[in-house]
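Participant: I'd like to ask some things about the structure below.
The values are calculated or read from the model by the stated rules, or taken from the named source; none is laboratory data. The structure displayed is predicted, hence computed values, not measured ones. FYI the Cβ positions are ideal-geometry reconstructions off the backbone, even for glycines, and counts take in every protein chain you see.
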Ligand SMILES: Cc1ncc(C[n+]2csc(CCOP(=O)(O)OP(=O)(O)O)c2C)c(N)n1
Ligand code: SF4
Ligand SMILES: [Mg+2]
């Protein structure tokens, strides 16, 4: 079986973005995931966000690990470079790529198995380095591609299709991200496009590590009664805490801010993330409070969603490394070669 | 068998780790080097920070032999815990110098040696008041005693002490005072100098003393590497330390203070491998230094880089395995692991430097080969080369050099093309074109470790899959002509036997061969420097009745590789294996070969 591309047909009156590109220009190969898989909805949201932000697909880079979720790299942004790396190692490959050229837009795609089991260390370290990327964790509580074993995000007591309930507590990527230093932390649901698309946009525009934990149900292995990662369960316990909208620098901000209701966060590119707080007393700039909120929600089984934490003030890896803006791959060799004379001089120390 | 004589002998210093003896031993060696006499140092140190025994071997060789001799003519025994083995190791007729503050009549058990006692501790206790400095000064005092015994030039020692403590002038006097304590005591009490001693010469003109890791680090700088990732592991750590140091000096923009390089200390070797793959995929020259355990961890990603054709450079500074093994002892034990690192049909390009000079040159070649062939390239060094100071020709650089970045398409080239396919062999040389992310929409492709066809598309189709892996094999094979060619040394007379070796075995093998030749045994010698093997490797074996394969591991890994990768008969190859963890010495090779040759002659 060979993968195939969807035809790029330009329909009449189709809306174009600022680059003159249509939605189809942001699409990719045909998905080979199960019909109804949450991951396909996430792909659709990503496509929409990139299109609406008028990001040149050729200036975007997609990197993933291994899993059904990681396969989605291929299903959108055909004109972007993409890499399906190995299981659990997307963060390191992405970090290396970003180190070599930080002038592109980096998107990491991963699953709960890829990120929270085999790749837990790498994900944590990418967050700790505040690597400038958007990291989508498409979370279904199981290993889809290996046919439904529980993953580390499966909730305690969640029922499998067959057999005994899960007996180990879940690793919550949001709580983890809060503790290891990610600077943009959101949670969402593949079934809530209205929330997810703007959240993706904000994450793409954030300078630093942005994590979005997306509940993305696996219809084949974890969408039954008793599963806590099913569509039905997610709808039932879904709770929006903070809604985030990205407002580009060019748009005049019309809304007047009622403190405590809408909160503007200024971004490095001059744009703004407008936060609409649905929980009045919640301040997403307060790491400790965010942690408290996430912990509290565990007791009530509530799935708190939205932009749960943001800090625009931290330096990203590029800044911490004191690197030039110019990508490493564009520095001419003449600037890298110290020359024969210098080599002679350096060897004075070896005599 | 060797020496002792003027400019031809070996000293061994036995001390305790963490007592500051390393700088004293370095001082001894550099003094001899500056007196113009070729010298090599081998540091045998424990995997420990403080308290365990450590030894430093200095071989003085006017003829410039760079391997160990296997002899010890002067033993400086400063560690009572190892007195017994140090005494036993001393060659007949040798001299044992020890701290006679605590006399040891047991040394008299050996009547074939001379024991010289110097009360180092009591002299230093009288002269210095601070406890820590007493320990340090004891080292300088044995330097002084050795200087008197070997007729070392005190002005040279003073010059080196001045340089070392340039920033702390106070310490110069104290250190020299300690040197004189030992020096004067020896002069007053013993017949100085000894029969074997150092006589100033000009044998080190145009030479430098450098370790392989520092040289490799310089090679990375000169190659234009801009990205390095690593996870600390003995014995490769100093390679990245060197790279960081030179980048700090040479790669920071004077005006902006911004770096033209990036070094990331990874969370483990898996991440280090992923990091360099990401950077190299994106067009930076990227490398990671590691050792055996790191290679094991990196394996999955090495296979990924091989199959997706990402050019990365890996330095494996080999240490004794298996598992943690003896982390501070040397071996050539990763040859086969690296040759075929990762699951599935994988095979890699390997380079085998024999000394720090080659570490420098081959670091540069490694990047050129990696980018030319779009594949991982391994530089297989070891502890002996990487961490010991070797005397080598001064490193030189040709400013005409331009990196070979291989087949990378520019935006203009892409613009002119109808379609671009990442894995298509357009030129018939098995090497496809690659593009860097962000260059041009037409250049986009999908890097996947899953089955792919020559267009870069996912496939589970047998013929499409095979077409790509067959090309990879052909591509790898074509590198045989591009890796550094073997070095061949022919015997004076017609030789029916030969020797093959790699890397740090070279010095000992050459010396053994020379000495065998002096005894009328003619052997040709081929030092392999790259894998895939150049065509003349097989030819060399074919033209001899018997070839000794000398290497530093238990399982004859190089020999195995020769059998797998050439058409030679098993019977032709005789393994000569040294795997104690100590650097190879010529005597071992000489004896091993002589024994076999004698048997053959009888038969
Ligand atoms: C080293 C390694 N071990 C195991 C596997 C098998 N494997 C492939 S995908 C996967 C789990 C994927 O789970 P997740 O990341 O949650 O993705 P999903 O399929 O659920 O979207 C596993 C265990 C592998 N590819 N590599
Ligand atoms: S197995 Fe589950 S995760 Fe995988 S494609 Fe099907 S529904 Fe999606
Ligand atoms: Mg999953």
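Participant: Determine which member of the set A:139, A:166 is away from chain B (no Cβ under 14 Å) and near ligand 3 (Cβ under 9 Å from one of its atoms).
Facilitator: Sole residue among the options that is away from chain B (no Cβ under 14 Å) and near ligand 3 (Cβ under 9 Å from one of its atoms): A:139.
Participant: Please work out which one of (1) within 13 Å of another protein chain (Cβ to nearest Cβ); (2) away from ligand 2 (no atom under 16 Å from the Cβ) is the condition residue A:52 fails and give its number.
Facilitator: (1)
Participant: Would you pick out the residues in region A:286-301 that are at pLDDT 90 or above and either in a helix (DSSP H, G or I) or surrounded by 15 or more Cβ atoms within 10 Å (Cβ to Cβ) (or both)?
Facilitator: Those that are at pLDDT 90 or above and either in a helix (DSSP H, G or I) or surrounded by 15 or more Cβ atoms within 10 Å (Cβ to Cβ) (or both): A:287, A:288, A:289, A:290, A:291, A:292, A:293, A:294, A:295, A:296, A:297.
Participant: Same structure again: Could you list, in sequence order, all residues of region A:198-252 that are away from ligand 2 (no atom under 16 Å from the Cβ) and either farther than 22 Å from residue A:273 by Cα or within 14 Å of chain B (Cβ to nearest Cβ) (or both)?
Facilitator: Matches in region A:198-252: A:225, A:226, A:235, A:236, A:237, A:238.
Participant: Would you say residue A:152 is out of contact with any helix residue (DSSP H, G or I) (no Cβ under 7 Å at 6 or more places or on another chain) and either surrounded by fewer than 20 Cβ atoms within 10 Å (Cβ to Cβ) or free of Cβ contacts under 8 Å to residues at least 60 places away in the same chain (or both)?
Facilitator: The answer is no for residue A:152.
Participant: For residues that are more than 7 Å from chain B (Cβ to nearest Cβ) and within 16 Å of ligand 2 (Cβ to nearest atom), scanning just region A:83-111, find the one that is surrounded by the fewest Cβ atoms within 10 Å (Cβ to Cβ).
Facilitator: Restricting to residues being more than 7 Å from chain B (Cβ to nearest Cβ) and within 16 Å of ligand 2 (Cβ to nearest atom), the top hit is A:87.
Participant: Let me ask something additional. Which residues, counting only those in region B:213-239, are out of contact with any helix residue (DSSP H, G or I) (no Cβ under 6 Å at 6 or more places or on another chain), away from chain A (no Cβ under 11 Å) and farther than 17 Å from residue B:382 by Cβ?
Facilitator: B:232
Participant: Hey, among B:449, B:507, B:503, B:498, which residue is at pLDDT 95 or above and within 14 Å of chain A (Cβ to nearest Cβ)?
Facilitator: The conditions single out B:449.
Participant: Something else now. Scan the strands (runs of 3 or more DSSP E) fully inside region B:446-517 and keep the ones with 2 or more residues being surrounded by 23 or more Cβ atoms within 10 Å (Cβ to Cβ).
Facilitator: Here the list reads B:446-448, B:497-502.
Participant: Can you work out which of the residues in region A:302-351 that are touching a strand residue (DSSP E or B) at 6+ places or on another chain (Cβ under 7 Å), over 30 Å from residue B:395 (Cβ atoms) and crowded, with 17+ Cβ neighbours inside 10 Å is nearest to the other protein chains (Cβ to nearest Cβ)?
Facilitator: Ranking the qualifying residues of region A:302-351, first place goes to A:309.
Participant: Just wondering, is there one or more residues in region B:493-511 that are in contact with a helix residue (DSSP H, G or I) (Cβ under 7 Å, 6 or more places away or on another chain) and more than 30 Å from residue B:545 (Cβ to Cβ)?
Facilitator: No, that holds for no residue.
Participant: For residue A:165, which of the numbered conditions (1) assigned to a loop (DSSP other than H, G, I, E, B); (2) within 16 Å of ligand 2 (Cβ to nearest atom); (3) at pLDDT 95 or above fails to hold?
Facilitator: Result: residue A:165 passes all but (2).
Participant: Something else now. Taking residue B:276 as the residue in question, decide whether it is buried (at least 24 other Cβ atoms within 10 Å of the Cβ), more than 30 Å from residue B:143 (Cβ to Cβ) and either more than 7 Å from chain A (Cβ to nearest Cβ) or touching a strand residue (DSSP E or B) at 6+ places or on another chain (Cβ under 8 Å) (or both).
Facilitator: The answer is yes for residue B:276.
Participant: Within region B:552-576, work out how many residues are in contact (Cβ under 8 Å) with a residue 12 or more places away in the chain and farther than 15 Å from residue B:318 by Cβ.
Facilitator: 13
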